[in-house]
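Heads up, the thing below is written out as structure tokens.
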Amino acid sequence: KQEVTQIPAALSVPEGENLVLNCSFTDSAIYNLQWFRQDPGKGLTSLLLIQSSQREQTSGRLNASLDKSSGRSTLYIAASQPGDSATYLCAVSFWAAGNKLTFGGGTRVLVKP
Amino acid sequence: EPEVTQTPSHQVTQMGQEVILRCVPISNHLYFYWYRQILGQKVEFLVSFYNNEISEKSEIFDDQFSVERPDGSNFTLKIRSTKLEDSAMYFCASSESLAKNIQYFGAGTRLSVL
């Protein structure tokens, strides 16, 4: 069964520290991987999408890497701010599963001022 | 910036009643999806829709569920006879194509079944 896991489930850091969020998946045959942000009670905001042919993708303070062979992606957020406090979700589109997304459980981030 | 719009934001219904959740995908998108998130659990795929037909559905998407694109802009999810366990946040998403499979999500409809 294709699964996506995010550890830890929660993370607390002081403002200014870099954030490192982990995502692992069980099947290396992926089409792409997408990182989302979810604020409490709200929808999902797409942050970055990495195609299977890419090793990383950057947007502002965000950088996401992809290592298919080890089944891992990492989201780096530089110089964290209190406004970065949210839940970050990783979602994978597996080749054998059409274009649906399989989600991890998320990492809840608190950036303390 | 174009966005996916969902209505209502919160729907309260009695068990056994029918509900219709509505979505307006981004206008030039061709692929449409419904996902749900039960409180405290992962976001789960329900169904994908392309070219006016279901392209894939999960085990959750049983005969009680149906989807429709009644016109050129709306995409609906109908639950025929709601159960308590249908209480969840339901998200609609759309993407432009398979090659550009960035899925954009709406803000969700919180369904509460009493």
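The values are calculated or read from the model by the stated rules, or taken from the named source; none is laboratory data. These numbers come from a predicted model, not from an experiment. Please note: Cβ atoms are built from the backbone with ideal geometry, for glycine as well, and neighbour counts cover all protein chains shown. The protein model used for the area step is the full one, side chains on, heavy atoms only, and it has no ligands, DNA or RNA in it. Shrake-Rupley method; radii C 1.70, N 1.55, O 1.52, S 1.80 Å.
Contact-buried residues of the stretch A:90-113, at a threshold of 40 Å² lost accessible area versus the chain by itself: A:ASN99, A:LYS100, A:LEU101, A:PHE103 (1.4 Å probe; DNA, RNA and ligands ignored).
Straight-distance candidates among the aspartates and glutamates for linking to B:LYS83, with alpha-carbon spacing under 19 Å and chain neighbours fewer than 8 residues away dropped: B:GLU18, B:GLU44, B:GLU59, B:ASP62, B:ASP63. About its Cα centre, the dipole of the stretch B:1-113 is roughly 200 debye, where the only charges are +1 on Lys and Arg Cβ and -1 on Asp and Glu Cβ. About its Cα centre, the dipole of the protein assembly as shown is roughly 240 debye, where the only charges are +1 on Lys and Arg Cβ and -1 on Asp and Glu Cβ.
Dipole orientation for chain B: of the candidates B:PRO2, B:VAL113, B:ILE20, B:VAL113 has the Cα lying most toward the positive pole (charges on Cβ; Lys, Arg +1; Asp, Glu -1). Per residue, the accessible area of the stretch A:24-113 comes to 43 Å², computed with a 1.4 Å probe over protein heavy atoms only. Note on B:LYS57: accessible area approximately 120 square angstrom, rounded to 10, probe 1.4 Å, nucleic acids and ligands left out.
Averaging Cα coordinates gives a centre for the stretch A:52-89 and one for the stretch B:50-86; these two points are 32 Å apart. Of B:LEU30, A:LEU101, the residue with the largest accessible area leads and the full order is B:LEU30, A:LEU101 (1.4 Å probe). By the rule of a C-alpha distance below 26 Å, with chain neighbours fewer than 8 residues away ignored, the lysines paired with A:LYS112 are A:LYS42, B:LYS42.
Ignoring ligands, DNA and RNA, please state the percent of accessible area on chain B from carbon and sulfur, probe 1.4 Å. Walk me through the numbers before you get to the answer.
On the way: 2810 of 5870 Å².
It is 48 percent, rounded to a whole number.
Over chain B, Cα pairs under 8 Å with separation of 6+ residues give a relative contact order of 38 percent. Take every pair of alpha-carbon atoms less than 8 Å apart whose residues are at least six positions apart; their mean separation over the length of chain A yields a relative contact order of 37 percent. Taking all protein chains as shown and a probe of 1.4 angstrom, A:TYR31 keeps an accessible surface of around 50 Å². How much accessible surface area, in Å² rounded to 10, belongs to the heavy atoms of A:THR5 with a 1.4 Å probe? Around 60 Å² of this residue is reachable by solvent.
Solvent-accessible area per residue in the stretch B:1-113 equals 51 Å², computed with a 1.4 angstrom probe and all protein chains kept. Simple point charges give the picture: +1 on the Cβ of Lys and Arg, -1 on the Cβ of Asp and Glu, and for chain A a dipole about the Cα centre of about 180 debye.
Accessible area buried by the pairing of A and B, both sides summed with a 1.4 Å probe, works out to roughly 1600 Å².
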